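K.L.:
Right, I'll just put the structure down here and ask away after.
The values are calculated or read from the model by the stated rules, or taken from the named source; none is laboratory data. These numbers were taken from a predicted model, which means no experiment stands behind them. We place every Cβ from the backbone using ideal geometry, glycine too, and count neighbours over all the protein chains shown.
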Amino acid sequence: MASQPDTGLPAPGPDGLLRCPWSLTAPEYLPYHDEEWGKPVRTDTGVFEHLCLEAFQSGLSWLTILRKRENFRRAFANFDIETVAHFGPDDLSRLLADTGIVRNRAKIEAVVANARAALGLADGIAAQVWKYSDTAASAPASLADVPSSTPSSKALAKDLRGQGFRFTGPVTAYALMQACGIVNDHLADCVSR
C-alpha cells in the first residue's frame, strides 16, 4: 500500500473513499480501520483484549501489536478474563519465552493483574469503561484535532487504577476508548464516520 502524504487530512483509499490517513500507511491498518477501530465493543472480553493490547502498545508502534495480535490471543487464552486471572508462575515463564508476543515482564504481569481486577468489577469491565462515553465530542477534521488524552480518559484512568488496574494511564485509556468506539475519532470526512 502506498504511503499517503502526511497532511493529517482524510485521504482516498484503494476504493477512492476518504479515510483517516493512518489507515493507508500499512496493509494491516486498512481492515482494522474499516472493520474494527471505533466500532462499539461492549463485551467484557472484547474490552479486556483492547485494554491489554493498548497496554502492550505503550512505547511501541500499534502496527507491531496488530501484527502480533493472533499470537497475543493464543498466549492469553483469547483474553478470557477468568482464565488469565488464574495464570501463575508457569504461565509467566511461558509468556516471557514466547517470541510471538512482546516479552515485557511488567506488561505481562499487568495483564494478569488487570484480569484479576476485572473480576472484581460488579458490572464488568465493559460497563465500567462505557461510563466514560463522550457522545458530545465533535468530529475531528484532521489528525491534529485528535487528542492523546481527554478529561474523560483521565477520569477513566484514575478509576481503573483505583480498582487495581495497571498500565492504564490517560493516554492508554484514551486509546482504549478510541478502539472500542467509546469515542469516535474517525475524521469528519472519513467513510467510517
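K.L.:
Anything in segment 170-190 that is in a loop (DSSP other than H, G, I, E, B) and surrounded by fewer than 18 Cβ atoms within 10 Å (Cβ to Cβ)? List them, or say none.
P.N.:
Ala188, Asp189
K.L.:
Something else now. If you check Val129 against the conditions, is it within 30 Å of Ala11 (Cα to Cα), β-branched (Val, Ile, Thr), modelled with pLDDT of 95 or more and not in a loop (DSSP other than H, G, I, E, B)?
P.N.:
Judged against the criteria, Val129 is not a match.
K.L.:
Here is a follow-up. Quick check, is Val47 within 21 Å of Phe167 (Cα to Cα), without any contact (Cβ under 8 Å) to a residue 40 or more places away in the chain, aliphatic (A, V, I, L, M) and in contact with a helix residue (DSSP H, G or I) (Cβ under 6 Å, 6 or more places away or on another chain)?
P.N.:
So Val47 does not fit the description; no.
K.L.:
Sticking with this structure for a sec: Can you work out which of the residues in segment 79-128 that are under 18 Å from Arg166 (Cβ atoms) and among the polar types (S, T, N, Q) is surrounded by the most Cβ atoms within 10 Å (Cβ to Cβ)?
P.N.:
Asn114
K.L.:
Hey, another quick one. Test of understanding: among Ser58, Ser3, which residue is modelled with pLDDT under 95 and closer than 24 Å to Gly169 by Cβ?
P.N.:
Going through Ser58, Ser3 in turn, the sole match is Ser58.
K.L.:
Another question, then. Among the residues of segment 81-112, what is the count of those that are in a helix (DSSP H, G or I) and either polar (S, T, N, Q) or modelled with pLDDT under 95 (or both)?
P.N.:
2
K.L.:
Still on this structure: Quick one: which helices (runs of 4 or more DSSP H) sit completely within segment 1-69 and have at least 1 residues that are under 16 Å from Phe79 (Cα atoms)?
P.N.:
Ranges flagged: 44-57, 62-67.
K.L.:
Condition first: of a type in the set (Lys, Arg) and free of Cβ contacts under 8 Å to residues at least 60 places away in the same chain. Now tell me which residues in segment 158-193 satisfy that.
P.N.:
Lys158, Arg161, Arg193, listed by residue number.
K.L.:
Picking from Leu143, Leu187, which residue would you name as being of a type outside the set (Ser, Thr, Tyr) and in contact with a Ser or Thr (Cβ under 8 Å, 6 or more places away or on another chain)?
P.N.:
Leu187
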